[in-house]
Amino acid sequence: MIKPDNFKDFLALAEKENKKLYEICQKYEADSLEIAQEEIRDRVKIVLDAMKDAIKKGLNSKEKSSSGLSGDDCAKLIERYKKGKSLFSKTCQKVLTYSLATIEQNARMGKIAACPTAGSCGIVPSVIVAMAEAMDFDEEIQINALITAGFIGEVVSEKLALAGAVAGCQSECGVAAAMAAAALAEMCGATNEQILNAAALTLKNILGLVCDPVAGLVEVPCVKRNAFLSVYAVTGAELALAGIQSVIPIDEIVEAMKQVGDMISPKLKESSEAGLAVTPTGLKITYELSQKWQNP
Ligand code: SF4
């Protein structure tokens, strides 16, 4: 059985067997777990349904998180779009709102599908679901896309932990964006090579993204970062579908990402000791929340 620790081998196997990457990945998962491939798809469908449910609930809520730092940004976007105002196409409007809807659900402690993490949970669902609605892709195509996204996350995670505390936000929102870009490319009929280019182009442009959450909460900057990186993932897919290639192969980008992650100061790895967390406003929020929660 092939080991999922690099993209090159998976691509070579897929090309040799004339299969899509998601088919190779699906078989690998089924063989590893000793279950039928259909069961893998059933499990992925459960995740997809959970993503759609989080989007639906998030779109219909203005409830603030318990910190009060987030919860009503999605509603503000929807309000703007209802007035017919937008810089974006209808499709990208959906990507943005679905992303905020999901990550705000996370901030409210609602149920989400961590993909790859809770802090980056808005990116993959918003891109897959919004684009599937816009382009009328059926559920099977969406499942193929989600398996493709999982494949990207799994191979990257063999090299570095997908956690802001270990490698900074490049390994959470950055990897989520690469997963979403690959998923979208798959849905749009990209070749295997284009799919990996979508992930590579996306990944290499977020190297060094730090994790500096205000008050240690997954809200500032995380909520809005999900919105930004969802649209950014669409760019990765768009470039790859045009035949634009990453000069640096994806396996080398992952190695570089690990190297950069190791060089990021521990102060910028979820410890809230630097960056946005220690700006005057970040510190003020941290102080006020500690007072509020100590004296409810
Ligand atoms: S900034 Fe840190 S906590 Fe927030 S999403 Fe990124 S990695 Fe997660």
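The values are calculated or read from the model by the stated rules, or taken from the named source; none is laboratory data. What you see is a predicted model; the values in this text were computed from it and never measured. No Cβ is skipped: glycine too gets one built from the backbone with ideal geometry, and neighbour counts run over all protein chains shown.
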Checking residue 74 against (1) surrounded by 24 or more Cβ atoms within 10 Å (Cβ to Cβ); (2) out of contact with any helix residue (DSSP H, G or I) (no Cβ under 7 Å at 6 or more places or on another chain); (3) not polar (S, T, N, Q), the condition it does not meet: (2)
Hits in the stretch 11-23 - residues which are touching a residue at least 40 places away in the same chain (Cβ under 8 Å) and of a type outside the set (D, E, K, R): 11, 14, 21, 22
Some residue of the stretch 189-200 being within 16 Å of the ligand (Cβ to nearest atom), out of contact with any Cys (no Cβ under 7 Å at 6 or more places or on another chain) and part of a loop (DSSP other than H, G, I, E, B): no
Index of the failed condition, residue 12 passing every other in (1) within 20 Å of residue 199 (Cα to Cα); (2) surrounded by 15 or more Cβ atoms within 10 Å (Cβ to Cβ); (3) among the aliphatic types (A, V, I, L, M): (2)
Helices (runs of 4 or more DSSP H) fully within the stretch 80-178 counting 2 or more residues that are within 16 Å of the ligand (Cβ to nearest atom) and surrounded by 24 or more Cβ atoms within 10 Å (Cβ to Cβ): 90-107, 123-135, 164-167
Failed criterion for residue 277 (all others in (1) over 14 Å from residue 67 (Cβ atoms); (2) under 23 Å from the mean Cα position of the chain (by Cα) hold): (1)
Qualifying residues in the stretch 1-10 (those that are touching a residue at least 24 places away in the same chain (Cβ under 8 Å) and part of a helix (DSSP H, G or I)) - the one nearest to residue 154 (Cα to Cα): 7
Of all residues in the stretch 16-48 being surrounded by fewer than 15 Cβ atoms within 10 Å (Cβ to Cβ) and among the acidic types (Asp, Glu), the one that is nearest to residue 111 (Cα to Cα): 42
The stretch 262-273: number of residues that are within 14 Å of residue 216 (Cα to Cα) and within 12 Å of the ligand (Cβ to nearest atom): 5
Test result for residue 248, closer than 28 Å to residue 9 by Cβ, under 16 Å from the mean Cα position of the chain (by Cα) and assigned to a loop (DSSP other than H, G, I, E, B): no
Residues satisfying the stated conditions in the stretch 201-216, i.e. assigned to a helix (DSSP H, G or I) and either touching a residue at least 40 places away in the same chain (Cβ under 8 Å) or under 12 Å from residue 270 (Cα atoms) (or both): 201, 203, 204, 214, 215, 216
Residues located in the stretch 282-296, provided they are in contact with a Leu (Cβ under 8 Å, 6 or more places away or on another chain) and β-branched (Val, Ile, Thr): 285
Candidates 238, 219 - the one that is assigned to a loop (DSSP other than H, G, I, E, B), of a type in the set (Asp, Glu) and modelled with pLDDT of 95 or more: 219
Output for the stretch 193-215, where each listed residue is of a type in the set (S, T, N, Q) and over 13 Å from the mean Cα position of the chain (by Cα): 194, 197, 205
Qualifying residue in the stretch 216-229 (condition: away from the ligand (no atom under 14 Å from the Cβ), under 30 Å from residue 76 (Cα atoms), within 17 Å of the chain's Cα centre (by Cα) and surrounded by fewer than 22 Cβ atoms within 10 Å (Cβ to Cβ)): no
